[in-house]
Every structure is written in structure tokens, then in C-alpha cells.
Amino acid sequence: MPENAAVDVVALAREAGWTVAVAESLTGGLVAAELTAAPGASAAFRGSVTAYATELKHRLLGVDAELLAREGAVHPEVAAQMATGARDALGADWGAATTGVAGPEPQDGRPVGTVYVAVAGPAGGRGPLPPSPQTTPGPDESFADRLARYFAHHGTVEGGTSVGNTSGAGDTEKRSVTGLTGARGEKILALRLNGDRTEIRRDSVRIVLGLLREELITRARAQDTEEIGGT
């Protein structure tokens, strides 16, 4: 599981001159708390929107109302639109978002532990991100691949809790991750997490920050390559 990702995110963003914004649902401000605790955060972190209520995702972040009515708040494209909405609403270069079901009860037909996190990169005039390893084979292992390997090799949630969901839902599925791409190029991870409410939220925070860190690194490397090629 990624550690110290918030510190890396702030350092990478500062070095590149980027800013970051966050939209949170199930994590309730925990991602923003991690970022603001990192040294130098004031130079890179624009702010956050905690849109816990479903209608606020539309009103504050511009998530499509028909999508919310049809699919509910726990959906990969909702996460993608939240990330883009946070980026645009708060005037940042990057947006990150979390939405999901931490428990103790299912939501909108989604079981406890269903989580979607997303990252939206800079908009307009900066060129697209390089192809994602999730959709284009390549020599580099993606963050989703590394996370899947971590899940496969760790039979317990950090701290020693059984992989079985302890929220009372009775679910014993293993943790899993799938990499997706949003309608506007956002990077999304579809997650199945275990543990109680606190553990699911904690892991969601670590994972979205890890994804954001990877996307910052990927973008910075692409820009460095372009600059070298242009000289």
C-alpha cells in the first residue's frame, strides 16, 4: 500500500509548478487532510470539496444529474467527473476524487467495500497523457498492476484484520483493483476493499494519493522527454 504519497504529490506538484484540488465523498476530507499535512502544501494544494450528499456532486462539482439518477453516486464515471469538477471549480491543474461505500450498509445496490477513485490531469493546451498501461501494453508496470500484486500477496488488511469484511455485511471477497479510463481521459481505479469502515476509508485515501502521484510522475516525464526532443 502506498506510503508518504501525499508528501510526494506536494513535492512533485511544486517542482512542476502545478496545483492540485480534491473532491471527496466516502473519505470525508481525509485526502485533503493528508495533503495539507505535507510540507509546502500551500504552494501546491488549492483546496477540496467534500460532497458527501449525492445532489452536491452535481451542484458543486458538475457531475451529470442523469448519471447520478441512473447509477447513483458510486460509479466510475461519477468519480471521473468529480475529479474533473474539482479541478475546474477550484482552478487547479489536477483533480482527484473518491466515491464509494465504506459501510456499514450497502448503497445504491453496491456492496460495502466498492470504491472508485479518479485523477484528472491538466485541461487544454498541454497535450494528452501518454497511453495508460491499463489499455496499451508496455514494459512499465502500472500503479493498478502493482496494487493488484500487493492485494494478491497480502492476505490481511494492514493492522492484522482478516480479509473478510468486518462491517457486518458478511462479505469475504478478496480485495481487487481494475484500471479504467473516463470519458474525458481521467484515470480511474475500480476497487474492492475489505475491512471495517475506518480501514476502507484509510485504504481509499492511500490509493487515490498513490494514483495521483503516478500520474504526476508520468506527466513530468513526458514533458521532460518533449523538452529534450525539442532541443
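The values are calculated or read from the model by the stated rules, or taken from the named source; none is laboratory data. The structure displayed is predicted, hence computed values, not measured ones. Here the Cβ is made from the backbone with ideal geometry for all residues, glycine too, and neighbour counts use every protein chain on show.
Observations on the structure shown:
- Close pairs (6 angstrom Cβ cut-off, 6 or more residues apart or separate chains): free of Cβ contacts under 8 Å to residues at least 24 places away in the same chain in region 42-56, outside any loop (DSSP other than H, G, I, E, B) and buried (at least 16 other Cβ atoms within 10 Å of the Cβ) anywhere: Thr54/Leu68
- Test: residue in region 4-20 that is on the phi > 0 side of the Ramachandran plot and at pLDDT below 95: yes
- Within region 218-230, residues that are under 15 Å from Val9 (Cα atoms) and assigned to a helix (DSSP H, G or I) sit with their Cβ atoms under 9 Å from residues that are among the small types (Gly, Ala, Ser) and at pLDDT below 75, at 6+ positions apart or across chains, in these pairs: Thr218/Ser132.
- Of the residues Glu71, Glu77, Glu141, the single one that is of a type in the set (D, E, K, R), closer than 30 Å to Lys174 by Cα and either at pLDDT below 95 or in contact with a strand residue (DSSP E or B) (Cβ under 7 Å, 6 or more places away or on another chain) (or both) is Glu141.
- Tallying residues that are closer than 24 Å to Val112 by Cα and in contact (Cβ under 8 Å) with a residue 12 or more places away in the chain within region 11-41 yields 12.
- Taking region 144-186 as the range and being in a strand (DSSP E or B), modelled with pLDDT under 85 and closer than 30 Å to Thr218 by Cα as the test, only Val157 passes.
- Once region 93-125 is narrowed to residues that are surrounded by fewer than 24 Cβ atoms within 10 Å (Cβ to Cβ) and in contact with a Phe, Trp or Tyr (Cβ under 9 Å, 6 or more places away or on another chain), the residue that is farthest from Arg14 (Cα to Cα) is Pro122.
- Filtering Leu56, Leu60, Leu35 for residues that are under 16 Å from the mean Cα position of the chain (by Cα) and of a type outside the set (Gly, Ala, Ser) leaves a single hit, Leu35.
- Each residue in region 53-71 was checked for being surrounded by fewer than 16 Cβ atoms within 10 Å (Cβ to Cβ), within 19 Å of Leu90 (Cβ to Cβ) and among the aliphatic types (A, V, I, L, M), and 1 pass.
- Beta carbons closer than 6 Å, at least 6 apart along the sequence or on distinct chains, pair a first residue in region 96-109 that is closer than 13 Å to Leu191 by Cβ with a second that is acidic (Asp, Glu) and modelled with pLDDT of 95 or more for Thr98/Glu24.
- Restricting Thr36, Thr54 to those that are of a type in the set (S, T, N, Q) and touching a helix residue (DSSP H, G or I) at 6+ places or on another chain (Cβ under 7 Å) reduces the list to Thr54.
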